[in-house]
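The values are calculated or read from the model by the stated rules, or taken from the named source; none is laboratory data. The structure presented is a predicted model; accordingly, all values stated were derived computationally and were not measured. Please note: Cβ atoms are built from the backbone with ideal geometry, for glycine as well, and neighbour counts cover all protein chains shown. All accessible areas refer to the heavy atoms of the entire protein, side chains included, with ligands and DNA or RNA removed. Shrake-Rupley method; radii C 1.70, N 1.55, O 1.52, S 1.80 Å.
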Amino acid sequence: MASISDMLIDAGLTRDRLEECRQLSARSGDSLDRSILQREYLDEVTLLQIYAKLLGFEFRKSLEGTKVPTRFVDNVPVHFARNYNLIALEGPKDGTIKVATCQPLTPNPMDDLAALLGQEVDAVIAPRLEITNLIARAYRHKADGVDEALDAVSEDADIGSMAAEIDEAEDVLDVSNKAPIIKLVNTILFQALKLRASDVHFQPYADRMQVRFRIDGILYDMDSIPRRVQDAIISRVKVMGKMDIAERRLPQDGRATIRLGDGEVDVRLSSIPTTDGERIVMRLLDKTAKLYRLHEIGLSEHNIELLEQYLTYNHGIILVTGPTGSGKTTTLYASMSEIDTTKKNVLTIEDPVEYALAGVSQVQVNTKKGLTFATGLRSFLRQDPDVMMVGEIRDLETAEVAIRAALTGHLVFSTVHTNDAPSTITRMIDQGVEPYLVASSVVLIIAQRLVRTVCPHCLVTRPCSDEWAAKLREVGLEPAEVDNQMTYGEGCDECFQSGYAGRTAIYEFMPVSEELRTKVMEGGNATEIKRTAVQHGLITLREDGRMKIRDSLTTPDEVLRVTQLDLD
């Protein structure tokens, strides 16, 4: 049988790089596979397949749909599973339990796991992200120790010692030997990341502090924190964000990076003084989150074809619009990931950089140093770019630079905050841009909203009740159009009894045609522009929502919730 060296070289690793990784491994004490991955000389799936073949282990590329045995969740602490990336895939069979690992050369944790379970374990090799996601799903409803951490917090917590303990990137899994208040905050953050929360709210009341998570766009009340530890928690969070813990009368902003094992999460913090004490909101941006492709974000086949056509343009502005939290950045990234970066020079300026895009030069806004969207974009023009992305057009200066770039042979992507596609044009004109410049530079506007999708765990299809029929008509559908059947979620533990799990987007694609350009030049308002666009085939947000209802992806309640301000 071939040696590990031969197999690695056959997979594309050069002898020089193999030797470099061996020396690195000997110096650091890491296993050879970790050294290769650190240097990014081979991708993880290729490397794990090699080790699976060499060691005679089963390899599973995906763990989607795997049910973790209850025995594993009950007997193995979540921190052990996370630290060592171990999760059971199947219950005891012939006296052994199948356990997924992404570190096959580190046997000690497997031995410890066998002792915890009182059972032999059989290794299955799987990618790290698949294991991490399965651990999060398996432990999502298991108590996270918030009560236990609370009991250990005293009223006279030493804030000074907390400030000294802050790391460059706090690992929320590491709660051993930490001060009780640090342990409590880390536990709350770990719980938030496990439940896919986008925001964590610490909201003070007269008698308590309420922790709330925003999951799939909806706020849920989680743990209640006693008033006695409110100041300690606020001070700890401020220390993490490098904010002034002594200043309690003025709003403050901060940033932090927290680690979840090997993954990093960017945190944006905001505090404001209220009558009951300071209120803090933390926005969580997971750097390891999946980068979506065009076919995964809810686009219809027609819209995918349309967008792919515009991605081949060599000049013009493509705008994505919608309120905060409507998935605009995800759509931009999905679009840009379709561009061949080996043939085109792609630059982005963002606030903040949310995902790493291969082959793309990404720049972070730094207003304190004078690096704004406008100045960054202006500098890009001297970098021989083909495609540029500016996080948001929020003022006249940025709009003018973007238009100049589009008119001089560059494809520019950006976002704007408006209700629908037609009002984006009037917003730019209101900012001070000349109508003829908007008409000649903007080629496509995409408006979007996020709707929650029906929970697959409690999904039912029932005959359409009078209540559902009324909601369908309100959204513009007749019950007969859905065969007098309604698909919805009844509510279960997996979806917090909401009936929804996950989200998809509804879209409004408005190519700027000659007719629309003429209407813009004539000074038409948003309603006139929309009417012209509809006459030429515009599918509105609500119409796209109706399609998602017909496909049983979402419900009339959701479409009504996010399109209540839109004209049909």
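In table form, for the structure just shown:
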item: Residue list for segment 63-90, restricted to those being open to solvent by 70 Å² or more (accessible area, probe 1.4 Å), under 22 Å from residue 127 (Cβ atoms) and of a type in the set (Lys, Arg); result: 67
item: Qualifying residue in segment 140-151 (condition: part of a helix (DSSP H, G or I), surrounded by 12 or more Cβ atoms within 10 Å (Cβ to Cβ) and modelled with pLDDT of 85 or more); result: no
item: Qualifying residue in segment 245-266 (condition: crowded, with 16+ Cβ neighbours inside 10 Å, farther than 28 Å from residue 353 by Cα and in contact with a helix residue (DSSP H, G or I) (Cβ under 6 Å, 6 or more places away or on another chain)); result: no
item: Which numbered condition residue 198 fails, given (1) modelled with pLDDT under 90; (2) open to solvent by 30 Å² or more (accessible area, probe 1.4 Å); (3) among the polar types (S, T, N, Q); (4) within 30 Å of residue 131 (Cβ to Cβ); result: (1)
item: Any chance residue 277 is modelled with pLDDT of 90 or more, small (Gly, Ala, Ser) and under 25 Å from residue 341 (Cα atoms); result: no
item: Test for residue 523: is it assigned to a loop (DSSP other than H, G, I, E, B), surrounded by fewer than 20 Cβ atoms within 10 Å (Cβ to Cβ) and at positive phi; result: yes
item: Positions within segment 91-117 being open to solvent by 50 Å² or more (accessible area, probe 1.4 Å) and at pLDDT 85 or above, in sequence order; result: 98, 111, 112, 115, 116
item: Single unsatisfied condition, residue 529 versus (1) touching a Phe, Trp or Tyr at 6+ places or on another chain (Cβ under 8 Å); (2) modelled with pLDDT of 90 or more; (3) over 20 Å from residue 299 (Cβ atoms); result: (1)
item: Cβ pairs under 8 Å, 6+ apart, first in segment 281-309 and farther than 21 Å from residue 362 by Cβ, second open to solvent by less than 30 Å² (accessible area, probe 1.4 Å) and of a type in the set (Asp, Glu); result: 281/199; 282/199; 300/544
item: Inter-residue pairs, beta-carbon under 9 Å, first without any contact (Cβ under 8 Å) to a residue 24 or more places away in the chain and in segment 526-541, second of a type in the set (Val, Ile, Thr), 6+ apart; result: 532/518; 534/540
item: Which listed residue, of 555, 532, is among the hydroxyl-bearing types (Ser, Thr, Tyr) and crowded, with 20+ Cβ neighbours inside 10 Å; result: 555
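For every residue, the table says whether it meets (1) crowded, with 18+ Cβ neighbours inside 10 Å; (2) among the small types (Gly, Ala, Ser); (3) modelled with pLDDT of 80 or more; (4) outside any helix (DSSP H, G or I).
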site	(1), (2), (3), (4)
13	yes, no, yes, yes
20	no, no, yes, no
33	yes, no, no, no
38	no, no, no, no
42	yes, no, yes, yes
47	yes, no, yes, no
53	no, no, yes, no
